[in-house]
Amino acid sequence: MYAALFRLLPGPIWLKIIWTLLILAAVVYALFTWVYPWASDTFMDFDPNMGG
Amino acid sequence: MQHARDRKIGVGSIVLGVLGELMITAGLLIGGYILWNVWWDSNQSAAVAEKSVADFQGELEPAPRQAAEIKTEGDPPPVTQAISGDTFGILIVPKWYGITNNAMPLKEGTTPAVLDQAAAGHYENTAMPGEIGNFSVAGHRRSHGNSFRRIDLLEKGDQVIVETKDTWYIYEVTGHEIVLPNQVEVIAPVPGKPNEQPTERMMTMTTCHSVTMGEWGNDHRWVTHSKFVGWMDRADGMPEQVLNDPEVK
């Protein structure tokens, strides 16, 4: 799957590597900014309250 | 490797390959979440808490750098009821010096919006610091700034200090209990005895705890009780324990 995606990236091998790093950075940014905070609020229970 | 690519690849191995890659991806996503939870988000929350503490202290005259005398006679100065979400003091746990965040903003209310800022949240409708009754606060254990993470280190006699704009309220730990989340009587005016009238000035801290996963779980609550031992005026100086804090300049 990832091998096929890698082959789809345009340009010579060095450009493909730069693409890969850029996409990875964008994915990590999206995860840390939106996905993980949402997952934490939705699925995790960290409430230290009594009665909660 | 041209000849390898020419070989016919079965549908089964493609499916297996994709499945394997998806599972690796899921593993990385979960690992990333853990990293975010214990490192990134905790740092973010701690930074917010640090700013709240700095803002609160910034409005005050610095206390003289000398040990103040503890007062035990009569009633301590009352603390005005705070508006929900407001910082009305700082909670200091000297035992945590050098171990974990030991001075955190004390805010009114225990909603996620308050607690997720790595604050100690004051249970509304419980006593204010120094009052007769049970001044009760909640804090996160191993998330959103790890406010009360090392509550397990607190032993009988350890101090818990509340700093307000003009007073230091000194409590000493009397003990702890591990209870179910619904055992709300631990924050009753007389801890554990919801029907009794209070005569003593108590304090209770509650945080997450798991009997199987320790600080990582949330199936129980770690509850630490303390008893008021006296107060100091800010104008006189600061508690000796706070003077010893390497972070107080």
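The values are calculated or read from the model by the stated rules, or taken from the named source; none is laboratory data. Since we're looking at a predicted model, the values are computed, not measured. Note that each Cβ is placed from the backbone with ideal geometry, even for glycine, and that neighbours are counted across all protein chains shown. In case anyone asks, the SASA skips ligands and DNA or RNA and just uses the protein heavy atoms, side chains included. Shrake-Rupley method; radii C 1.70, N 1.55, O 1.52, S 1.80 Å.
Inside the range A:38-52, can you point out the residues that are facing chain B (nearest Cβ under 8 Å) and among the aromatic types (F, W, Y)?
Selection gives A:F46 alone.
Can you tell me which residues in the range B:61-87 are open to solvent by 80 Å² or more (accessible area, probe 1.4 Å) and closer than 17 Å to B:D236 by Cβ?
Answer for the range B:61-87, where residues must be open to solvent by 80 Å² or more (accessible area, probe 1.4 Å) and closer than 17 Å to B:D236 by Cβ: B:E61, B:P62, B:R65, B:Q66, B:E69, B:T72, B:E73.
Could you grab the pairs with beta carbons closer than 8 Å, sequence gap of 6+ or different chains, first residue in the range B:172-190 and on the phi > 0 side of the Ramachandran plot, second one open to solvent by less than 30 Å² (accessible area, probe 1.4 Å)?
Matching pairs, first to second residue: B:G175/B:T224; B:G175/B:H225.
Yes or no, residue by residue, for (1) closer than 22 Å to B:G145 by Cβ; (2) under 13 Å from the mean Cα position of the chain (by Cα); (3) open to solvent by 60 Å² or more (accessible area, probe 1.4 Å); (4) acidic (D, E):
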residue	(1), (2), (3), (4)
A:M1	no, no, yes, no
A:L8	no, no, yes, no
A:I13	no, no, yes, no
A:W19	no, no, yes, no
A:L31	yes, yes, no, no
A:Y36	yes, yes, no, no
A:D41	yes, no, yes, yes
A:D47	yes, no, no, yes
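Identify, from the list B:T80, B:T87, the residue that is at pLDDT below 95 and within 23 Å of B:Y123 (Cβ to Cβ).
After ruling out the rest, the residue left standing is B:T80.
If you go through the range B:32-55 one residue at a time, do you hit one that is open to solvent by 30 Å² or more (accessible area, probe 1.4 Å), more than 30 Å from A:V28 (Cβ to Cβ) and touching a residue at least 12 places away in the same chain (Cβ under 8 Å)?
Yes, the range B:32-55 has at least one match.
Checking B:K165 against (1) in contact with a Leu (Cβ under 8 Å, 6 or more places away or on another chain); (2) open to solvent by less than 30 Å² (accessible area, probe 1.4 Å), which test does it fail?
(2)
Hey, among the residues in the range B:121-154 that are open to solvent by 10 Å² or more (accessible area, probe 1.4 Å) and free of Cβ contacts under 8 Å to residues at least 60 places away in the same chain, which one's nearest to A:M44 (Cα to Cα)?
B:R150
Of these, B:E185, B:E177, which one is open to solvent by 40 Å² or more (accessible area, probe 1.4 Å), more than 19 Å from the chain's Cα centre (by Cα), among the acidic types (D, E) and under 22 Å from B:G121 (Cβ atoms)?
Of the residues listed, the single one that is open to solvent by 40 Å² or more (accessible area, probe 1.4 Å), more than 19 Å from the chain's Cα centre (by Cα), among the acidic types (D, E) and under 22 Å from B:G121 (Cβ atoms) is B:E185.
If you go through the range B:191-224 one residue at a time, how many are surrounded by fewer than 21 Cβ atoms within 10 Å (Cβ to Cβ), within 14 Å of chain A (Cβ to nearest Cβ), on the phi < 0 side of the Ramachandran plot and touching a strand residue (DSSP E or B) at 6+ places or on another chain (Cβ under 9 Å)?
6
Tell me, which strands (runs of 3 or more DSSP E) lie completely within the range B:69-161 with 1 or more residues that are β-branched (V, I, T), within 14 Å of another protein chain (Cβ to nearest Cβ) and under 21 Å from B:V48 (Cβ atoms)?
It comes to B:133-138.
Could you count how many residues in the range B:8-26 are within 16 Å of A:V27 (Cα to Cα) and either touching a Leu at 6+ places or on another chain (Cβ under 8 Å) or open to solvent by 40 Å² or more (accessible area, probe 1.4 Å) (or both)?
Going through the range B:8-26 one residue at a time, the tally reaches 3.
What are the residues in the range B:217-248 that are small (G, A, S) and within 21 Å of B:Y97 (Cα to Cα), if any?
B:S226, B:G237
Please go through the range B:120-150 and give me each residue that is among the hydrophobic types (A, V, I, L, M, F, W, C) and under 16 Å from A:M50 (Cα atoms), ordered by number.
B:A120, B:A127, B:F135, B:V137, B:A138, B:F148
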